[in-house]
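Engineer: Here you go, one structure.
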Amino acid sequence: MGMIEDILKQLQVDAEATFVSLRAQLAKLRTGRASIGLLDGVRVTYYGQPTPLNQVAALAVADARMLTVRPYERRVIGDIEKAIMASDIGIMPQNDGELIRLPIPPLNEERRRDMVKQSKQRGEDARIALRNHRRDANEMLKELEKSKDISQDELKRALEKVQEQTDRSSEKVDEILASKEKEILEI
């Protein structure tokens with residue numbers, strides 16, 4: 001029975017990794033509210049190396065519609081500004097020489113609907129990943145049964161547990177998406 005538990009534990013670990021990935025992807029979607037997660041993908045050329053923005057500057061949420069970026073070294077402020085403009089976050093930086101302000105414009109209704117569609121697509125990608133993890137677990141279980149390590153009855157019970165775990169994981173994806181959709185549609 002230990003092999004079955006190992007497969008189920010691995011399935012749970014894979015599902016958690018899928019949730020973490022989904023949350024990270026959704027954090028990059030711009031809502032009407034300021035969030036440091038918007039800047040996660042921004043890379044600044046620092047000493048010739050692409051470096052994450054949070055390693056060359058202090059990031060802060062000034063208020064609900066404003067992010068601030070304070071570089072650790074004043075000489076990289078221009079590089080930071082260029083990196084933000086080159087990223088696809090759609091925000092124009094305002095540079096005062098010491099601090100970069102990023103005003104978050106409110107989203108119109110059409111843009112909100114588009115963001116909801118994008119979040120649902122990312123949710124569907126997460127569900128596909130969960131189904132792939134389920135398929136892998138089922139194949140491992142069938143191999144165990146084929147090699148006579150487990151009986152047919154144990155295989156049947158294990159396959160049911162895998163399906164139950166996958167269903168719970170899919171519900172969790174739905175909860176994550178519902179939360180993000182509510183955040184996007186909030187005015």
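The values are calculated or read from the model by the stated rules, or taken from the named source; none is laboratory data. Predicted model only: the values in this text are computed from it and were never measured. We place every Cβ from the backbone using ideal geometry, glycine too, and count neighbours over all the protein chains shown.
Engineer: Which of the numbered conditions does GLU145 fail, given that it passes all the others? Conditions: (1) in contact with a Leu (Cβ under 6 Å, 6 or more places away or on another chain); (2) under 30 Å from ILE80 (Cα atoms).
Structural biologist: Result: GLU145 fails condition (2) only.
Engineer: Only residues in the stretch 45-58 that are of a type in the set (Ser, Thr, Tyr) count as the first member; pair them with residues that are part of a strand (DSSP E or B), Cβ under 6 angstrom, at least 6 apart or cross-chain, and list the lot.
Structural biologist: THR51/VAL44
Engineer: Right, something else. Could you tell me whether the stretch 99-115 includes any residue that is without any contact (Cβ under 8 Å) to a residue 12 or more places away in the chain and of a type in the set (A, V, I, L, M, F, W, C)?
Structural biologist: The answer is no; no qualifying residue exists.
Engineer: In the stretch 1-25, how many residues are touching a residue at least 60 places away in the same chain (Cβ under 8 Å) and among the aliphatic types (A, V, I, L, M)?
Structural biologist: So in the stretch 1-25, the residues touching a residue at least 60 places away in the same chain (Cβ under 8 Å) come out as 1, 3-4, 7-8, 10-12, 14-15, 18-19, 21-23, 25.
After this cut, where a residue has to be among the aliphatic types (A, V, I, L, M) as well, the list is 1, 3-4, 7-8, 11, 15, 22.
Number of matching residues: 8.
Engineer: Find the residue count for the stretch 26-46, including only residues that are touching an Asp or Glu at 6+ places or on another chain (Cβ under 8 Å) and either closer than 22 Å to ASP174 by Cβ or buried (at least 16 other Cβ atoms within 10 Å of the Cβ) (or both).
Structural biologist: 8
Engineer: Can you name the residue in the stretch 126-135 that is free of Cβ contacts under 8 Å to residues at least 24 places away in the same chain and not basic (Lys, Arg) and, of all such residues, is nearest to ARG23 (Cα to Cα)?
Structural biologist: ILE128
Conditions (1) part of a strand (DSSP E or B); (2) under 19 Å from the mean Cα position of the chain (by Cα), marked per residue:
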residue: VAL44; (1), (2): yes, no
residue: ASP79; (1), (2): no, no
residue: GLU110; (1), (2): no, no
residue: LYS120; (1), (2): no, yes
residue: GLU124; (1), (2): no, yes
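Engineer: Could I ask something else about it? In the stretch 88-108, what residues are in a loop (DSSP other than H, G, I, E, B) and not hydrophobic (A, V, I, L, M, F, W, C)?
Structural biologist: ASP88, GLY90, PRO93, ASP96, GLY97, GLU98, PRO105, PRO106, ASN108
Engineer: Looking for whichever is more than 22 Å from the chain's Cα centre (by Cα), exposed (fewer than 15 other Cβ atoms within 10 Å of the Cβ) and in a loop (DSSP other than H, G, I, E, B) here; the options are LYS148, LYS156. Which one fits?
Structural biologist: LYS148
Engineer: In a strand (DSSP E or B) and out of contact with any Gly (no Cβ under 7 Å at 6 or more places or on another chain): is that true of VAL69 in this structure? Break it down into steps so the answer makes sense when it comes.
Structural biologist: Working: in a strand (DSSP E or B): yes; out of contact with any Gly (no Cβ under 7 Å at 6 or more places or on another chain): yes.
Considered against the rule, which asks whether it is in a strand (DSSP E or B) and out of contact with any Gly (no Cβ under 7 Å at 6 or more places or on another chain), VAL69 comes out as yes.
Engineer: Please give the number of the condition GLY48 fails out of (1) among the small types (Gly, Ala, Ser); (2) at negative phi; (3) over 17 Å from the mean Cα position of the chain (by Cα).
Structural biologist: Tallying (1) among the small types (Gly, Ala, Ser); (2) at negative phi; (3) over 17 Å from the mean Cα position of the chain (by Cα), GLY48 fails exactly one: (2).
Engineer: Considering only the stretch 126-145, state which residues are polar (S, T, N, Q) and over 25 Å from the mean Cα position of the chain (by Cα).
Structural biologist: ASN138
Engineer: Identify the residue in the stretch 83-121 that is over 25 Å from GLU175 (Cβ atoms) and of a type in the set (Gly, Ala, Ser) and, among all such residues, is surrounded by the fewest Cβ atoms within 10 Å (Cβ to Cβ).
Structural biologist: Going residue by residue through the stretch 83-121, those that are over 25 Å from GLU175 (Cβ atoms) are 83-106, 108, 110.
So of that shortlist, the ones also of a type in the set (Gly, Ala, Ser) come out as 83, 86-87, 90, 97.
Details: ALA83: 22, ALA86: 12, SER87: 16, GLY90: 10, GLY97: 7.
Step by step, filter the stretch 83-121, then rank; the result is GLY97.
Engineer: Also, quick follow-up: Quick one: is ALA57 surrounded by 15 or more Cβ atoms within 10 Å (Cβ to Cβ), modelled with pLDDT of 90 or more and under 30 Å from GLY2 (Cβ atoms)?
Structural biologist: Details: surrounded by 15 or more Cβ atoms within 10 Å (Cβ to Cβ): yes; modelled with pLDDT of 90 or more: yes; under 30 Å from GLY2 (Cβ atoms): no.
The answer is no for ALA57.
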